[in-house]
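Dumping the structure here so I can ask a few things about it.
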Amino acid sequence: MSDAAWSRLSKETVFSCPYYVLSHDRYRLPGGDVADYHYVDIPGSTMVVPRLADGRLVLVSQYRYLVGRDSLEFPAGGIKPGYEPAFNAAEELREEAGYRAAQWQKIGEFAPYNGVSNEMCHVFLATELELVGAEPEATEFFEIRHVTPDAVRRAIEDGSLWDGMTIASFRFFEDWQRRESR
């Protein structure tokens with residue numbers, strides 16, 4: 001189906017804050033009908049899979065207010081205005097986990113909430129890590145964890161790691177790891 005058959009007639013900002021915009025579009029369907037679409041307009045995000053020299057992965061544990069519990073996650077964040085995804089990823093790794101990486105590789109991209117948001121998350125593998133000290137934002141409180149890939153897999157299987165973006169990014173990491181081991 002051609003995307004040209006779906007044409008935007010208008011776009012309205014319903015609400016705006018520093019992290020996202022709630023938008024309302026009127027659009028024409030392929031058959032000619034006009035419809036409404038309400039969605040969260042997000043300029044994108046990045047998630048970093050930091051890999052230490054010994055093969056362990058760096059994750060952060062943080063309290064997630066909306067679900068009322070701690071969440072084990074890879075460092076991540078929304079793309080800030082004017083930032084490219086790779087630069088944003090490097091900033092998030094430093095801010096949240098306190099590491100700088102000498103080597104970067106994009107290993108995937110996915111839509112975290114397709115149908116509700118236009119956000120695309122860019123996933124990067126960071127290696128040759130140097131500890132430089134975390135600089136979290138005022139609302140961020142992290143506990144840094146160094147975890148083997150097998151422990152991450154078990155945490156996903158037993159439900160103790162439940163963050164969808166981390167689960168998707170770990171899958172990209174596993175695919176990368178399989179390709180590298182050939």
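Every number in this text was worked out from the coordinates using simple rules, so none of it is lab data. Every value quoted in this text rests on a predicted model; they were computed, and no experiment measured them. Here Cβ is always computed from backbone atoms with ideal geometry, including for glycine, and neighbour counts include all displayed protein chains.
Label-point separation (nm) for D150 and V67, each offset 7 Å from Cα along Cα-to-Cβ?
Rounded to a tenth, the inter-label distance reads 2.6 nm.
Go ahead and collect, in residue order, the members of segment 77-96 whose backbone nitrogen is under 15 Å from a label point 7 Å along the Cα-Cβ direction of S117.
It comes to 77-81, nothing else.
May I have the convex hull volume per residue, in Å³, for the Cα set of the chain?
157 Å³
Helix-only mean residue ellipticity at 222 nm, the chain, DSSP H runs n ≥ 4 weighted -39,500 (n - 2.57), per residue, nearest 500. What is it?
-6000 deg cm²/dmol
Arrange the following residues from fewest to most other Cβ atoms within 10 Å of their Cβ: V60, V116.
The most exposed by this proxy come first: V116, V60.
Quick one: order Y39, Y99 by neighbouring beta-carbon count within 10 Å, fewest to most.
Lowest to highest Cβ neighbour count: Y39, Y99.
So, one more: Using Cα-Cα distances under 8 Å and only pairs 6 or more residues apart, what relative contact order does the chain have, in percent?
It comes to 22 percent, rounded to a whole number.
Let's see if you can work this out: charge +1 on each Lys and Arg Cβ, -1 on each Asp and Glu Cβ, no other charges. What is the dipole magnitude of the chain about its Cα centre, in debye to the nearest 20?
Dipole size: approximately 380 debye.
Can you give the angle from 0 to 90° between the axis of helix 164-180 and the longest principal axis of the chain, with both taken from C-alpha atoms, to the nearest 10?
So the inclination is approximately 60 degrees.
As an exercise, identify the chymotrypsin sites (Phe, Trp or Tyr not before Pro) in segment 108-169 lying in DSSP coil whose Cβ has no more than 11 other Cβ atoms within 10 Å.
F141
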